[in-house]
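Below: the structure, in structure tokens.
The values are calculated or read from the model by the stated rules, or taken from the named source; none is laboratory data. All of these numbers come straight from a predicted model, not from anything done at the bench. Glycine gets a Cβ as well: all are built from the backbone with ideal geometry, and neighbour counts include every protein chain shown.
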Amino acid sequence: MSLATTQSIPEIRARNKELIEEVLKVYPEKTAKRRAKHLNVHETGKSDCGVKSNLKSIPGVMTIRGCAYAGSKGVVWGPIKDMVHISHGPVGCGQYSWGSRRNYYVGTTGIDTFVTLQFTSDFQEKDIVFGGDKKLNKLIDEVQELFPLNNGITIQSECPIGLIGDDIEAVSRAKSKEYDGKTIVPVRCEGFRGVSQSLGHHIANDAVRDWIFDKNGPDSKPKFEPTAYDVAIIGDYNIGGDAWSSRILLEEMGLRVIAQWSGDGSLAELEATPKAKLNILHCYRSMNYISRHMEEKFGIPWCEYNFFGPSKIEESLRKIASYFDDRIREGAERVIEKYQPLVNAVIAKYQPRLQGKTVMLFVGGLRPRHVIGAYEDLGMEVIGTGYEFGHNDDYQRTAQHYVKDSTLIYDDVNGYEFERFVEKLKPDLVGSGIKEKYVFQKMGVPFRQMHSWDYSGPYHGYDGFAVFARDMDMAVNSPIWRKLKAPWKDVSKPRLLAAE
Amino acid sequence: MAQSAEHVLDHLELFRGPEYQQMLANKKAFENCRDSAEVERVREWTKTPEYREKNFSREALTINPAKACQPLGAVFASVGFERTLPFVHGSQGCVAYYRSHLSRHFKEPSSCVSSSMTEDAAVFGGLNNMIDGLANSYNMYKPGMIAVSTTCMAEVIGDDLNAFIKTSKEKGSVPADFDVPFAHTPAFVGSHITGYDNALKGILEHFWDGKAGTVPKLERKPNDKINFIGGFDGYTVGNLREIKRIFELMGIEYTVLADNSEVFDTPTDGEFRMYDGGTTLEDAANAVHAKATISMQQWCTEKTLPFIAEHGHEVVAFNHPVGVSATDDFLVALSRISGKDIPEELARERGRLVDAMADSSAHIHGKKFAIYGDPDLCYGLAAFLLELGAEPTHVLSTNGNKAWEKKTKALLAGSTFGQNCHVYPGRDLWHMRSLLFTEPVDFLIGNTYGKYLERDTGTPLIRIGFPVFDRHHHHRSPVWGYQGAMNVLVKILDKIFDELDKKASLVGRTDYSFDIIR
């Protein structure tokens, strides 16, 4: 039996509050005051989770957050497959983000597709002293010569670029002109900007607006015959093929997906998006900006959806269909019905193994809320959650649609706090990232990486739900967790001495 | 629908089904794809000498470099000291990257904090971040030492670590006598091996030269101990343990400087050990009295060794010694310096390695190899291949310098088997791709990223280096010493035999060579 089911809501609330107080004791006074704003216990009926968010991380703590470069190159731009993304600055940023996000794609890598290559200007001291614009000019020529089938280039600024005042916009304009209007996009995503990767998402969205949409103009002709059922998937990075297991459902219900952002995406798809009839938005955090822009500028409505777990998938399919005619609404019902046997079989198999198990989450983007439904579909309960780089509107969505009363909420949780929380609440499963994985496994807590799906996936859609269920089962019920204590050290199992 | 609860298909198989294949084919209509014949034409062109020439003439663009940046090396060295928390002064995203990178390789937690500098720090400097940051990490993580290094951001704006740490101590962030060694580790100079060197030197300097002017410098009182430095090494867990075993067999008193072999290999038993093992701070200080210091990697300790030499004891550098002669040289040096005999047990290990090489050399003799990685590792592996009668053909090190090139060329020139080998300092894995197409070899040795080269060029990859993300637990087995060389030998042979089997596995066509006994 989980802790949550053995206690009443007021008891859990009191325990969680006490836990927060306890954790704050370790800090110097000033820091405790700042961190206190980010930790809370959710109360039903409140408009958000009662935590401050999107504020600077505290120096000297082990924050799990990344930077603007990670948000732009690592998340938004990197997966656009037919463009060359230059990590402009020193070698490290590109190296550490090389191939680490599993944005699956189809294409001939190194020839017409470039996602899993690391292009960098590899800044040296002289580039810092004299500036890197000249090098960037030459570098673009070299990209053109060696990779003639690239459809565009982006320049992802690392920290030094902004500090030394390089004019990457001027370089982009001049080079674009030189190469017959080729799309060359400068992105000011220096790592010191903002408080996390979140600003990098925003900056990347703005770069799409300014350097792709504006370049083509609102009246540009689509390269295909439009239909009334054209939609674009926004904010799916195709981790382990997520966007594919989502797209197939949309197509099965009768919609036509004209663009996928940005997992397995291409420049042509970015350009086509303003012709969509509806933008459907999965990762709200990373791409609400461009969706709002398209709504204002091109009049394209957008709707959020959640393709984790059958309950939310069903809800989302109906919601998406509501923007269209009966044909699509019937299509949605047909899809729901088609997959019901799979859903039933997955739940019949895995729910008995997972019923009542508790989960604590800490992830980025949409996952701290979106996956809760999928856990609940399997009979599991999320007792704590928080965002690496969420904003207040993320916590509003979480409070209003996802979490239960008394759930522990921790914004920008650091290593110290997270460890104490897990130690105390003893969840059956923690879902977070690579930096947290081994910490909790050492503690004997089953763990799944919920950024990369622990190299599994997809987790989106009905096909993905089966993988999700299997993976959670394998984590929680792995026989290894019964081997933590050496038998001679396990005091819970007294052994008879020979003399007795 | 291919998916089922009874046989769950993940990404590996799911998308091969007809419905997904159809979907992906439909998607192409929106992708502005290139004509497949054109893609094929360009692909063939990239294999040509003409493309290689263009590729090698690039000056500004780096593609798939085999190096990381300085701060990673600083973090790697810092955690080798007892209860030491690495503190990286700069923007926080970098630290997330170092921690992820180390965790992905070692499958272990990696603890490190950042001073989380943002725009305001870029304008006003990061002093306040340092003051608050040191106070917070000192209180939260109860370290025994905080080792500070920098990112490129802090270096570009010119933050002065020495002054900042002094001020932080004055403000009470940490006690005045708390150890906070530091090193400037700009990411736009050198690579992770430079960062290792700088951080290690910074820590020794702190203890030996008066803790940033707060106490008198240590006066050297020579003793019989030998210091040992591993360098930045993806096999640090296995290698350091092997070296300690050798020291103990020889009865030598030693100090491993930056011993991170425990912290990257803690047990799973219900407890998270944020700090584990490591060189004690006392030993780090007392290391100044040692008789000699041995570095296993010359180019990882370019500044540290001269610094140590200035303090009056002998320093000796090796180049990631792998193989019989390299281990011989290491042991002979150990014996000479310590005055201790090399025990029979090690002689027997040597004999077993020679035995194994004799048993298997027929399968390796004359095979061509390409190697890439850190300069010392490349040198060490090349030397071992020469011993095996293999022919190193391309040796490439993105962070190798002119001195490395010269020394490696001399090594190759000294062997019949090295005559047709070229050495490539400062080149990257896209250069290597051209080399593998235009001057093919039988096997490639390098880190995980070589799998793209293996796929593109068909050259089988033997994974030795850092990082190895896509295979598990290699770091636990040593590559140094006679036993380490045995591990490397087996790894190479396994790949050779796997390839033999693969080529001989077509039923009824090539399977006459599908041998049981080799």
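Things to note:
- When region A:289-315 is filtered for residues that are in contact with a strand residue (DSSP E or B) (Cβ under 8 Å, 6 or more places away or on another chain) and under 28 Å from residue A:467 (Cα atoms), the ones remaining, listed by number, are A:303, A:304, A:305.
- Any chance residue A:154 is polar (S, T, N, Q), under 23 Å from residue A:212 (Cα atoms) and in contact with a strand residue (DSSP E or B) (Cβ under 7 Å, 6 or more places away or on another chain): yes
- Summed over region B:445-467, residues that are away from every other protein chain (no Cβ under 13 Å) and in a loop (DSSP other than H, G, I, E, B) total 5.
- Residue within region B:368-384 that is out of contact with any strand residue (DSSP E or B) (no Cβ under 9 Å at 6 or more places or on another chain) and touching a residue at least 24 places away in the same chain (Cβ under 8 Å) present: yes
- Residue that is farthest from the chain's Cα centre (by Cα), among those in region A:306-341 that are in a loop (DSSP other than H, G, I, E, B) and either surrounded by 22 or more Cβ atoms within 10 Å (Cβ to Cβ) or among the aliphatic types (A, V, I, L, M) (or both): A:309
- Single residue of B:304, B:327 found to be in contact with a Pro (Cβ under 8 Å, 6 or more places away or on another chain) and β-branched (Val, Ile, Thr): B:327
- Test for residue A:155: is it in contact with a Leu (Cβ under 9 Å, 6 or more places away or on another chain) and either more than 8 Å from chain B (Cβ to nearest Cβ) or not in a loop (DSSP other than H, G, I, E, B) (or both): yes
- Of the criteria (1) under 16 Å from residue B:381 (Cβ atoms); (2) crowded, with 18+ Cβ neighbours inside 10 Å, which one residue B:457 fails: (1)
- From the options B:482, B:449, residue that is of a type outside the set (Val, Ile, Thr), in contact (Cβ under 8 Å) with a residue 60 or more places away in the chain and touching an Asp or Glu at 6+ places or on another chain (Cβ under 7 Å): B:482
- Condition broken by residue B:124, with the remaining ones in (1) under 28 Å from residue B:239 (Cα atoms); (2) among the aromatic types (Phe, Trp, Tyr); (3) without any contact (Cβ under 8 Å) to a residue 24 or more places away in the chain satisfied: (1)
- For first residues located in region B:2-17 and at the interface with another protein chain (Cβ under 9 Å from one of its Cβ atoms), partners that are β-branched (Val, Ile, Thr) and crowded, with 17+ Cβ neighbours inside 10 Å and lie 6+ apart or on another chain with Cβ distances below 7 Å form the pairs B:5/A:346; B:8/A:467; B:10/A:467.
- Residue in region A:292-301 that is crowded, with 23+ Cβ neighbours inside 10 Å and modelled with pLDDT of 95 or more present: no
- Among the residues of region B:330-360, just one is within 20 Å of residue B:479 (Cβ to Cβ) and polar (S, T, N, Q), namely B:360.
- Unmet requirement for residue A:156, which otherwise passes all of (1) within 27 Å of the chain's Cα centre (by Cα); (2) of a type outside the set (A, V, I, L, M, F, W, C); (3) more than 22 Å from residue B:104 (Cβ to Cβ): (3)
- Filtering region A:97-127 to residues that are in contact with a strand residue (DSSP E or B) (Cβ under 7 Å, 6 or more places away or on another chain) and more than 24 Å from residue B:467 (Cα to Cα) leaves only A:107.
- The residues of region B:47-61 that are part of a helix (DSSP H, G or I), facing chain A (nearest Cβ under 9 Å) and either acidic (Asp, Glu) or touching a residue at least 12 places away in the same chain (Cβ under 8 Å) (or both), listed by number, are B:51, B:55.
- Some residue of region B:114-122 being in contact with a Lys or Arg (Cβ under 8 Å, 6 or more places away or on another chain) and more than 7 Å from every other protein chain (Cβ to nearest Cβ): no
- Selection status of residue B:64, at the interface with another protein chain (Cβ under 10 Å from one of its Cβ atoms), more than 20 Å from the chain's Cα centre (by Cα), more than 27 Å from residue B:159 (Cα to Cα) and in contact (Cβ under 8 Å) with a residue 60 or more places away in the chain: no
- Some residue of region A:33-44 being facing chain B (nearest Cβ under 10 Å), buried (at least 21 other Cβ atoms within 10 Å of the Cβ) and assigned to a helix (DSSP H, G or I): yes
- Subset of region A:49-65 (residues that are surrounded by 19 or more Cβ atoms within 10 Å (Cβ to Cβ) and more than 10 Å from chain B (Cβ to nearest Cβ)): A:49, A:51, A:53, A:54
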